[in-house]
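Enquirer: I am attaching a structure below and will ask some questions about it afterwards.
Rule-based calculations on the coordinates, nothing more; no lab input. Note that the structure is a prediction, hence the values are computed from the model and not measured. Note that we place each Cβ from the backbone using ideal geometry, even for glycine, and neighbour counts take in every protein chain shown.
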Amino acid sequence: MKKYLFISLILLALYSCDGKQAIIEKTARERVAERLKSPDTADFISAEIVGGTMDTAYVVHVVVDAQNDFGAKKRSSYLVALKQDGERLYWDQEKAVQEAGVKPTKQEIALMAQINDFQ
């Protein structure tokens, strides 16, 4: 009986982590969409947590294809900084979303964390 309880607790913890990660990545995609010229044309390629404190602050790398001002699809890469307070995610409207390289460097990720006052 104890074995089944232990396995259930492990599965619950894994599910909770995956659910939390999915919410963080979804929120990052939403923040990027707010900055796009044509958000309705956005095809999100990926969203991945790449830095932060991993418990209350996150840097997420988001890659998206979307139409630019001329109607052409363009691939863009962004870093998004999110903080967590209990169950609530929040961000700084001015600093939370920054364009990044196709594969952000450790320096870019660290700078994003520093700009957004991650401790």
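Enquirer: Can you list the residues, at least 5 places off or on another chain, whose amide H is less than 5 Å from the amide H of Ala57, using H built in the peptide plane?
Expert: The answer is Gln84.
Enquirer: Another question, then. If the only charges are +1 at each Lys and Arg Cβ and -1 at each Asp and Glu Cβ, what is the size of the charge dipole of the stretch 18-119 around the Cα centre, to the nearest 20 debye? Numbers along the way, then the final one.
Expert: Numbers: 14 positive and 17 negative charges, 52 e Å.
It works out to roughly 240 debye.
Enquirer: I need to check one value: relative contact order of the stretch 64-115, counting alpha carbon pairs closer than 8 Å and at least 6 residues apart, in percent.
Expert: 30 percent
Enquirer: If you don't mind, there's one more thing I want to ask. Just flag the GluC sites (Glu not before Pro) in the stretch 50-119 sitting in loop per DSSP whose Cβ has no more than 11 other Cβ atoms within 10 Å.
Expert: Here the sparse-neighbourhood loop sites are Glu87, Glu94.
Enquirer: Please compute the modelled spin-label separation between Ala72 and Glu34, points set 7 Å along Cα→Cβ, answer in nm with one decimal.
Expert: 2.9 nm
Enquirer: Also, I was wondering about something else. Calculate for the chain the 222 nm mean residue ellipticity that helices alone would give, adding -39,500 (n - 2.57) per DSSP H run of length 4 or more and normalising by residue count, nearest 500 deg cm²/dmol.
Expert: When only DSSP H runs of four or more count, the value is -13000 deg cm²/dmol.
Enquirer: Taking Cα atoms, how many degrees apart are the long axis of helix 106-115 and the longest axis of the chain, rounded to 10 and kept between 0 and 90?
Expert: 90 degrees
Enquirer: With θ set to phi - 60° and the Karplus curve 6.51 cos²θ - 1.76 cosθ + 1.60, what are the ³J(HN,Hα) couplings of the stretch 40-51 in order, to the nearest whole Hz, using x for Gly and Pro?
Expert: My calculation for the stretch 40-51 gives 6, 9, 5, 10, 7, 7, 7, 8, 9, 6, 10, x Hz in order.
Enquirer: Can you tally the net charge around Ile115? Count Lys and Arg as +1, Asp and Glu as -1, for every other residue whose Cβ sits under 12 Å from the Cβ of Ile115.
Expert: After counting each charged neighbour, the total is -3.
Enquirer: Full-extension gain between Lys106 and Asp55, please, as 0.36 nm times their residue separation minus the C-alpha to C-alpha distance. Write out the running numbers ahead of the final one.
Expert: On the way: separation 51, 0.36 × 51 = 18.36 nm, distance 1.87 nm.
Full-extension gain reported as 16.5 nm.
Enquirer: Still on this structure: Helix 2-35 sits at what angle to the longest principal axis of the chain, using alpha carbons and giving 0 to 90 degrees rounded to 10?
Expert: Roughly 10 degrees between the two axes.
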